[in-house]
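This report refers to the structure that appears directly beneath it.
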Amino acid sequence: IDPTEGIMFYSKRRAGRLGESDWRIGGHLRAVRIDSGILPDHEVWTQHLPKGVWKCQRVGCSGWNAADAKTCWCCRSARQRTAQRPPNDMDPRVEGMTVITTESFRELVVESEKHVF
């Protein structure tokens, strides 16, 4: 780190594909770690996972986002909170596996007369 330059977390420069104004005002900065070198991937994830992350579901987007982010930093698409409800609430890849989504949660879990685990 050059002590005459310092560290700039937010600037007035355009942030490219990132969200312009929300990133500049610090809306997404949750923690800062300064290290002597580039961190391996597993070290980066150990910094992110305690607070949570979600992967953008848009085809072609590879953005990983903060748990409280409502839009993807990479493509700006809205966060999809759950998958679409499958036909008959069954997983087509695993026989006998029921899939619970936001849409089916109340019906299949809360109001169910059977035990759910």
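The values are calculated or read from the model by the stated rules, or taken from the named source; none is laboratory data. Because the structure is predicted, anything quoted here is derived from the model rather than measured. Note that each Cβ is placed from the backbone with ideal geometry, even for glycine, and that neighbours are counted across all protein chains shown. Side chains included, ligands, DNA and RNA excluded: accessible areas come from the protein's heavy atoms. Shrake-Rupley method; radii C 1.70, N 1.55, O 1.52, S 1.80 Å.
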Cβ pairs under 9 Å, 6+ apart or interchain, first in region 28-44 and over 19 Å from W73 (Cα atoms) and part of a loop (DSSP other than H, G, I, E, B), second at pLDDT below 80 and aliphatic (A, V, I, L, M), ordered by first then second residue, are I34/I1; I34/I7
| request: Would you be able to say whether some residue in region 65-72 is on the phi < 0 side of the Ramachandran plot, of a type in the set (D, E) and open to solvent by 50 Å² or more (accessible area, probe 1.4 Å)? | output: yes
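If only one of V116, V109, V94 is among the hydrophobic types (A, V, I, L, M, F, W, C) and either open to solvent by less than 40 Å² (accessible area, probe 1.4 Å) or not in a loop (DSSP other than H, G, I, E, B) (or both), which one is it? Outline the logic, then answer.
Details: V116 fails: either open to solvent by less than 40 Å² (accessible area, probe 1.4 Å) or not in a loop (DSSP other than H, G, I, E, B) (or both); V94 fails: either open to solvent by less than 40 Å² (accessible area, probe 1.4 Å) or not in a loop (DSSP other than H, G, I, E, B) (or both).
Among V116, V109, V94, only V109 is among the hydrophobic types (A, V, I, L, M, F, W, C) and either open to solvent by less than 40 Å² (accessible area, probe 1.4 Å) or not in a loop (DSSP other than H, G, I, E, B) (or both).
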Practice task
Determine whether V59 is under 20 Å from C74 (Cα atoms), within 17 Å of the chain's Cα centre (by Cα), at pLDDT 70 or above and in a helix (DSSP H, G or I).
Solution key: no
All conditions in (1) closer than 30 Å to A83 by Cβ; (2) surrounded by 12 or more Cβ atoms within 10 Å (Cβ to Cβ); (3) at pLDDT 80 or above are true of L39 except (1)
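Take the residues in region 80-91 that are assigned to a loop (DSSP other than H, G, I, E, B) and open to solvent by less than 80 Å² (accessible area, probe 1.4 Å); name whichever of them is farthest from Q57 (Cα to Cα). Write out each step before concluding.
Our first condition is that a residue be assigned to a loop (DSSP other than H, G, I, E, B); within region 80-91, this holds for 80-86, 91.
Restricting the remaining residues to those that are open to solvent by less than 80 Å² (accessible area, probe 1.4 Å) gives 82-83, 85-86, 91.
Details: T82: 10, A83: 9, R85: 15, P86: 17, D91: 18 Å.
Filtering first and then ranking leaves D91.
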